1. Which one of the conditions (1) in contact with a helix residue (DSSP H, G or I) (Cβ under 7 Å, 6 or more places away or on another chain); (2) in a helix (DSSP H, G or I) does residue 493 fail to meet, given that it meets all the rest?
2. Among the residues of the range 143-167, which ones are open to solvent by less than 30 Å² (accessible area, probe 1.4 Å) and touching a Leu at 6+ places or on another chain (Cβ under 9 Å)?
3. For residue 505, work out the one condition from (1) over 25 Å from residue 342 (Cα atoms); (2) at pLDDT 90 or above; (3) open to solvent by 30 Å² or more (accessible area, probe 1.4 Å) it doesn't fulfil.
4. Within the range 12-35, is even one residue away from the ligand (no atom under 16 Å from the Cβ), under 27 Å from residue 118 (Cα atoms), surrounded by 13 or more Cβ atoms within 10 Å (Cβ to Cβ) and at pLDDT below 95?
5. Can you tell me which residue within the range 203-249, out of those that are of a type in the set (Lys, Arg) and within 30 Å of residue 28 (Cα to Cα), is farthest from the chain's Cα centre (by Cα)?
6. Collect the residues in the range 74-123 that are surrounded by 13 or more Cβ atoms within 10 Å (Cβ to Cβ) and among the polar types (S, T, N, Q), keeping them in residue-number order.
7. Identify all residues within the range 242-264 that are more than 11 Å from the ligand (Cβ to nearest atom), of a type in the set (A, V, I, L, M) and more than 17 Å from residue 502 (Cβ to Cβ); write none if there are none.
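The values are calculated or read from the model by the stated rules, or taken from the named source; none is laboratory data. The structure presented is a predicted model; accordingly, all values stated were derived computationally and were not measured. When we count neighbours, we look across all protein chains shown, and the Cβ atoms used for this are built from the backbone with ideal geometry, even at glycine. The area values use the complete protein model at the heavy-atom level, side chains included, leaving out ligands, DNA and RNA. Shrake-Rupley method; radii C 1.70, N 1.55, O 1.52, S 1.80 Å.
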Amino acid sequence: MVTTESSLAKNPLLEGMRLEKRASPFAMVILGAHGDLTKRKLIPALYALYLEDLLPKDFAILGSSRTKMTDDEFRGVMKDSVQKFASDLNFQEDSWGEFAKSLHYLAADVMKPEGFTMLSDRLQELKQEHSTQGNHIFYLSTAPSLYTPIVKGLASSGLATKAKPNQVPWPRIIVEKPFGHDLQSAIALDEEIHDVFSEHQVYRIDHYLGKETVQNIMVLRFANGIFEPLWNQKHVDHVQITNAETLGVEGRGSYYEEAGNLRDMVQNHLLQLVSLVGMEPPISLDPEATRDEKAKVLKCLRPIDPSEVDQYAVRGQYGAGHILGQTVPGYREEEGVSDQSNVETFTALKLYIDNWRWAGVPFYIRSGKRLAKSITEIAIHFKSAPHRLFSDSLDSVLDSRPEPNVLVIQVQPEEGISLKFATKQPGQTNQLRHLNMDFKYGTAFGVRSATAYERLIHDCLMGDPSLFSRTDQVEVCWKFIRPVLDAWSDKSRKTNFPNYAAGSWGPLASDDLIASTGHKWRRL
Ligand SMILES: NC(=O)c1ccc[n+]([C@@H]2O[C@H](COP(=O)([O-])OP(=O)(O)OC[C@H]3O[C@@H](n4cnc5c(N)ncnc54)[C@H](OP(=O)(O)O)[C@@H]3O)[C@@H](O)[C@H]2O)c1
């Protein structure tokens, strides 16, 4: 029988706010539970939620993959993983022992129908054993090629059913990235999913959106009076978004050969950051209100004409070089990578948001592996002061020229915000210095920040999809990058790969891309 949850008060002021922090009883099935993501992120996140008392009393976690293991063996592997990958958690034998009572394992192959029959039977047993009330979350943590067989298997075994909002018991599905390989496959996957789940049951995970600073972009913009009046083409000169990693492909060469940097980072994470920086204020904190605004701004991205791809996009691939004093091999020497590979490990894009707020303001994005430093940040470069009052009274020291203000939102490794501004250096002259006003999450609050997976899994348990990508956002992002993907997969177009050394800041063409509109990448 279908009943409805009434977890939100009817007070309209509270609409969209989570009043309950603890989720209803549930069973979460992790498909691909023998994999890297489960060990590194998912089980540590669930254990952290347990320690924070954010899980209900009654819950079950059922890991499943083909490897044969008993429940106890699975618990042992997960315990080792939590100790290895979540050293910041207050691991204790007692709390782990209690948590692990809810951990179970089922060896099953998602390519075989009997796998889903076993899954359905096991979930019935767990419903009795842990009083899960039949609420199910299916976490797709397998290779993306298995998403469609899994959705079909869940449907044919009756585990996936379309539900009304607020219906209980609820089935939900979390889909890991990448969501599709291109526009066509993303639409096809969506159709498969929508055959058996309604959109409100689908949680497409983009772990960038679970990061504390990323969520803080909305608070910074819309809870402070001073930024929003400046947040437009009248005052912002340009925006730079950088995602730089010193790491290479780390044993995931064969995955990367299929994906490449544009699909792996830009289509999802970085365009989501663009939408958060560029969106209009939502009318409320209701999840759909926020997602509407994000989708709206993404729809304003100026399409790249296929004949002009080179004016808007630069690709690169690293050769051998030095990172932090170590010699590292080039991409083509990595395991699982072809020695003729033309897959990009670096992307730089110039894009424009054609709307009232952002007309004419370039947004520059760069993302790459094996760069000089690991850092992800968003830098809002404001226009210079209209009149250079101080320039005449200065000797011609380069550093003394007034520089534009820059507001930097640092996403990783350290989460924080800083504002660069000019100040007078003490002394008899009007010598200017440019200083940063810094806010760091770690030191300001002195508490451990929840990981992105903790936040996102908890949101899914609470039925809050605000931080998950909606189908129209995913589609519009694929549509936007399609001309670049098409051009870069055209074998008749020559590459000069490798075109940057590991440990550098990417190919020179990326500097030219941004210089062509009068700008320079930040030195980080
Ligand atoms: N790892 C990360 O940090 C990360 C980050 C972001 C996104 N993701 C995404 O998350 C997903 C999982 O990544 P991962 O790194 O955990 O992958 P993975 O290490 O390859 O794990 C996937 C697991 O799926 C299981 N599997 C394979 N075929 C199966 C089948 N026919 N039936 C049932 N289980 C099967 C395998 O275990 P058995 O051999 O035992 O079956 C394997 O261990 C991917 O889509 C990835 O793109 C991963």
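1. Unmet for residue 493, out of (1) in contact with a helix residue (DSSP H, G or I) (Cβ under 7 Å, 6 or more places away or on another chain); (2) in a helix (DSSP H, G or I): (2).
2. Across the range 143-167, the qualifying residues are 147, 150, 151, 153, 154, 159, 160.
3. (1)
4. Taking the range 12-35 as the starting set, the residues that turn out to be away from the ligand (no atom under 16 Å from the Cβ) are 12-27.
With the extra rule that they be under 27 Å from residue 118 (Cα atoms), the set shrinks to 23-27.
Then drop every residue that is not surrounded by 13 or more Cβ atoms within 10 Å (Cβ to Cβ), which leaves 23-27.
From what's left, at pLDDT below 95: 23-24.
There is at least one residue in the range 12-35 that is away from the ligand (no atom under 16 Å from the Cβ), under 27 Å from residue 118 (Cα atoms), surrounded by 13 or more Cβ atoms within 10 Å (Cβ to Cβ) and at pLDDT below 95.
5. Filtering the range 203-249 down to residues of a type in the set (Lys, Arg) leaves 204, 211, 221, 234.
Subset that is within 30 Å of residue 28 (Cα to Cα): 204, 211.
Details: 204: 10, 211: 8 Å.
Only one residue fits best here, namely 204.
6. Selection gives 81, 83, 95, 102, 117, 120.
7. The one that is more than 11 Å from the ligand (Cβ to nearest atom), of a type in the set (A, V, I, L, M) and more than 17 Å from residue 502 (Cβ to Cβ): 262.
Conditions tested, residue by residue: (1) modelled with pLDDT under 95; (2) in contact with a strand residue (DSSP E or B) (Cβ under 7 Å, 6 or more places away or on another chain).
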residue	(1), (2)
351	no, yes
356	no, no
369	no, yes
373	no, yes
377	no, yes
386	yes, no
390	yes, yes
395	yes, no
